[in-house]
Amino acid sequence: MQQRDSCRHAPSRAEIEQLHAQKRRMRAEAIDRLVSEARDKGGCTDRMYWTIVHDFERAEWTTNLQQLEEIGIHPPAPGEVGDTELSLVLWELIDALADLGISLLHTDHLTDRELYERLMLHVLREPVRDLPPDASVHEYIDLSPLLKRATPDDDQGQTVQAAGPPTWHDAIHTPAAVDGRRDHLLREAARARSTRSPGGKGPREAASD
């Protein structure tokens, strides 16, 4: 990102939607091929099964940072963002991730700078399957403190209680007012999207450093 007042650049909203629509078509066609191949072999033809196989095993690899770049979002490196602009840049990044169908969980224990650094230096660089935002595809990134990779006996980390009455709209337009109390806002945004999403991927664990 070259300018500091926004993470948003060309392409236009229409071009972004066209890109996502093309990816959705390619995904649907790939799932159709899996179902067809299974039918030819006399195997399982349940589309939901092959959708899961495609999304978790067959889809191309990418990173969330690359997905952002595809829609013209180029967040600055953490060291390039001053304290006065950090909150705005962070919330615009969160908003851009939401446009990709990606929501964050359990972030209140992190300052704005800690969260931005965790996202930019680690989480958004992790390999993920390249799935377009869709009514059936939504990803949650869990940033719980001291989160460990799951085993049957593992503690998944504490849940930080949300606080405060601000709204998602308030966060975008007056970000400094809600620093450190963002889980309430993130849940609000996730609920708004879940009303049109019958399913989605389970939380992606962002392990502590």
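Rule-based calculations on the coordinates, nothing more; no lab input. This is a predicted model, so every value here is computed, not measured. As a convention, Cβ positions derive from the backbone with ideal geometry for all residues, glycine included, and neighbour counts pool all protein chains shown.
Label-point separation (nm) for GLU57 and ARG187, each offset 7 Å from Cα along Cα-to-Cβ?
3.6 nm
Suppose each label sits 7 Å from its Cα in the direction of the beta carbon; what would the ARG129-GLU69 distance come out to in nanometres?
Distance between label points: 2.3 nm.
By count of other Cβ within 10 Å, fewest leading, how are HIS54, HIS109 ordered? Intermediate values should be presented prior to the final figure.
Values: HIS54 20, HIS109 16.
Listed from fewest to most nearby Cβ atoms, that is HIS109, HIS54.
Under the rule of at least 5 residues apart or a separate chain, name every residue whose amide H is placed under 5 Å from the amide H of LEU104.
For LEU104, whose amide H was placed from the backbone, the distant partners under 5 Å are ILE141.
Could you list GLU188, GLU117, GLU37 in order of exposure, starting from the residue whose Cβ has the fewest other Cβ atoms within 10 Å? Could the numbers behind the result be given before it?
Values: GLU188 15, GLU117 18, GLU37 12.
In increasing order of surrounding Cβ atoms, one gets GLU37, GLU188, GLU117.
Contour minus end-to-end for LEU19 and ARG33, with contour as 0.36 nm per residue of separation and end-to-end as the Cα-Cα distance? Don't skip to the answer; put the middle values down first.
On the way: separation 14, 0.36 × 14 = 5.04 nm, distance 2.12 nm.
Extra length available between LEU19 and ARG33 comes to 2.9 nm.
If the chain between ALA77 and TYR49 were fully stretched, how many nm would it gain, using 0.36 nm times the residue separation less the Cα-Cα distance? Each step should come with its number before you reach the end.
Working: separation 28, 0.36 × 28 = 10.08 nm, distance 3.97 nm.
Extending this stretch completely gives an extra 6.1 nm.
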